[in-house]
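The next block holds one structure in the form of structure tokens; read it before the comments.
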Amino acid sequence: MSLIDLVTPWATAVATDDADAVAQFRTRHETLLSRVAWHRAPHAEELPLAERGAVLDDAVSRVSDPMLLQRLRDVRHYAAELGADTPSTTVLLAGRGEGEPLLSLPGNPPIVALFLDGLPDSLPLQLAAVRGQAHLTRWLAPESESAVRGLAATAPWDLWALARTAPLREWIYSVGVAAHVAHAVMPESAPHEVIGVRRGELGKLRERERLLRELLEKDLDACGLGLLVRWLVRDTPVSVRTVGGSVIPPGAGAYLGWRLTAERVARVGLREALRATA
């Protein structure tokens, strides 16, 4: 399982103030960047990456820390021992603060893309790396019963298209069981860190869990891009997240997935739960 730093070469290109250097970077990594761009910023002409300034400087400093890089390798190794063992490449990038900080992309090679601007500390970065590795194992492991395994292994990965053919239940389950893998790798982590939500958001989600479960139950067996973004994309507009007068909070899908998969994980273990039917 390899680790690719695209933060440093991007910062080097940007620092030159040379448009040709920036263009050369994008051309050199065009295949990878286009895969990531389609899932993080599908309406942009190219993947938005950090401009010169504090965000990029911080990202460069972090990827220059050998201790952090070793911790990333260690948690991925431990996750593999627990069952999230599909080989993948972890790619470190610095964006502009918008979009999902974690993207799990089956393909050649399978990629876990981590945006340091959305994962500002070491702990959320490591947890996201583990969740991404768990997603890829669920979607690609030969023995997995995931609803998207066959498509993920044989066709170019397109989450937006797959959302129209695979039920929401699959995506909620994948996110939930991945959070349990992350918690097993780093058991000292708080629940909100494992799920990938803010501490205050977790309390609000718990308060509204009964209503949110009822709303989710109506959507679980349906397919549609709108359902995916409603429940699992944080930046979705409020109008899309409003159902019958109730606004679904950011992180609700991840929280409910974590809660709904807990019993199965406890009963059959992580390795089997990762590969089971949703």
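Annotation for segment 10-28 versus segment 150-187: alpha-carbon center distance of 34 Å. Report the residue, chosen from G224, G245, G97, that carries the largest GNM mean-square fluctuation when the chain is represented by alpha-carbon nodes joined by springs under 10 Å. Checking each option, the largest mean-square fluctuation is seen for G245. Over 5 Å intervals from 0, what percent of Cα-Cα pairs in the chain sits in each interval? Histogram of Cα-Cα distances, whole percents per bin: 1, 6, 13, 17, 19, 18, 13, 8, 4, 1, 0, 0.
Taking Cα centre as origin and charging only the Cβ of basic (Lys, Arg, +1) and acidic (Asp, Glu, -1) residues, the dipole magnitude of the chain rounds to 900 debye.
Taking N as the residue count of segment 1-105, its C-alpha radius of gyration divided by 2.2 N^0.38 Å amounts to 1.14. Ordering Y78, Y255, Y173 by the number of other Cβ atoms within 10 Å of each residue's own Cβ, fewest first, gives Y78, Y173, Y255.
DSSP assigns beta bridges within segment 19-157; of those with both partners inside it, close to 45 percent run antiparallel.
For the chain, complete DSSP H runs whose alpha carbons reach 18 Å or more along their own long axis and whose mean Kyte-Doolittle score is 0.0 or higher are 122-140, 168-185, 252-268. Note on V197, V268: ascending count of other Cβ atoms within 10 Å places them as V268, V197, the fewest first.
No lab work stands behind these numbers, since they all come straight from the coordinates. Quick caveat: nothing in here was measured; it's all calculated off a predicted structure. Quick reminder, even Gly has a Cβ in these numbers, built from the backbone with ideal geometry, and neighbours come from all protein chains shown.
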